[in-house]
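The values are calculated or read from the model by the stated rules, or taken from the named source; none is laboratory data. What you are looking at is a predicted structure, and each value in this text was computed from that prediction instead of being measured. Because the Cβ atoms are built from the backbone with ideal geometry, glycine has one as well, and the counts that use them run over all protein chains shown.
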Amino acid sequence: MPDGQVFFGPDGRTIISSSDQGVVDASTGARVVPPDSGMDRPVALSSAGVLADYHSDSGKLRLRNSRTLRQEGEASIGGAPVAFSPDGRLLAVPDAADQIQLWDVATNRPLGLPLAGIPPEADSLGISSLYSLAFTRDGSTVLAVDGHSRLRTHVIAPGKIKDAFCAQFGALSPADWKAHIHELPYQNSCRTI
């Protein structure tokens, strides 16, 4: 992402610039919050008003309040790109192995194991093969595109994962249930109501 990136705040009334302008009232042009010299490279803004600011020297993504520019959290990542879910609750970031780690923005903690990214390419420069990350409009799927324009999709919504599993494999038999989910009594896992 180039320096000097500009975002319109979720309220539609503010403009958030990188370290050169700070937060500006779009209707008057008045500076509401002065620039923060601690900002490096803003790369994404959530619908909830969280600004993701990538610091390449430390490999950290600082999560800032877009109204005040104050830091509210931090995540270790492998680099850009990053993407917020449509509701602003999740953040998808690459790790050092080009896998995709989901973060809970409210708790500032990773969620589960990383999703497989794009298979690594023989790249003598060591550049991340992830070119772009995005969530679908309903937030149920993470999309990843590499530098060769290959798309990988990761369904993350539990209901959609269950539906895909049931469509491909059908319900677990009582024996399979007992072997894999022995702590709970058997139930038809693919039953629809």
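SER189 meets all of the listed conditions (1) at pLDDT 85 or above; (2) surrounded by 11 or more Cβ atoms within 10 Å (Cβ to Cβ); (3) not assigned by TED's automatic domain parsing to the domain that holds VAL50 but one, namely (1).
Residues that are surrounded by fewer than 17 Cβ atoms within 10 Å (Cβ to Cβ), of a type in the set (D, E, K, R) and at pLDDT 85 or above within the stretch 12-56 comprise ARG13, ASP25, ARG31, listed in sequence order. Criterion applied to ALA52, ALA48, ALA80 was being in a strand (DSSP E or B) and closer than 18 Å to ALA134 by Cα, and the one residue passing it is ALA52.
Restricting the stretch 108-126 to residues that are part of a loop (DSSP other than H, G, I, E, B), loosely packed, with under 10 Cβ neighbours inside 10 Å and at negative phi, which is modelled with the lowest pLDDT?
Taking the candidates together, the pick is ALA122.
Among the residues of the stretch 127-143, those identified as modelled with pLDDT under 90 and not in a loop (DSSP other than H, G, I, E, B) are LEU130, TYR131, SER132.
Filter the stretch 160-179 for residues that are touching a residue at least 12 places away in the same chain (Cβ under 8 Å) and surrounded by fewer than 11 Cβ atoms within 10 Å (Cβ to Cβ) and give the result. Once the filter is applied, which keeps residues that are touching a residue at least 12 places away in the same chain (Cβ under 8 Å) and surrounded by fewer than 11 Cβ atoms within 10 Å (Cβ to Cβ), the stretch 160-179 yields only GLY170.
Of the residues screened, LEU91 is not one that is part of a strand (DSSP E or B) and over 24 Å from GLY147 (Cα atoms).
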